[in-house]
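Remarks on the structure that follows.
The values are calculated or read from the model by the stated rules, or taken from the named source; none is laboratory data. It should be emphasised that the depicted structure is a prediction, and the values quoted were computed from it without experimental measurement. With ideal geometry, Cβ positions are generated from the backbone for all residues, glycine too; neighbour counts draw on all protein chains shown. For accessibility, only protein heavy atoms count, side chains too; no ligands or nucleic acids. Shrake-Rupley method; radii C 1.70, N 1.55, O 1.52, S 1.80 Å.
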Amino acid sequence: MSGFAERTGGAARRRRTVPTELAALAMGVSQATIRKWASRGKITRHGGPQRAEYDLEELLALTRRDTRAPKGPAA
């Protein structure tokens, strides 16, 4: 047993959040894009009214999902 959930008897993992600026940097998009994704429900916004934060694991999962999606017809 080496993972956090295993050590805690299957309890939920602790959320690692990052501010908008770092979320944008991690995803390679603008801060405006991160805010747009949150408003459209593509990602979850955490934090208070003046401090938006995003779950790093959720962002990475989105990246993994997007890299597996078909890109459309080849040119």
Determine the pairs where a residue that is on the phi < 0 side of the Ramachandran plot and of a type in the set (Ser, Thr, Tyr), located within segment 48-61, has a partner that is modelled with pLDDT of 95 or more and open to solvent by 40 Å² or more (accessible area, probe 1.4 Å) with Cβ atoms under 8 Å apart, the partner being 6 or more residues away or on another chain.
-> 54/17; 54/44; 54/45
Reported set for segment 30-67 where residues are in a loop (DSSP other than H, G, I, E, B) and surrounded by 17 or more Cβ atoms within 10 Å (Cβ to Cβ) is 43, 52
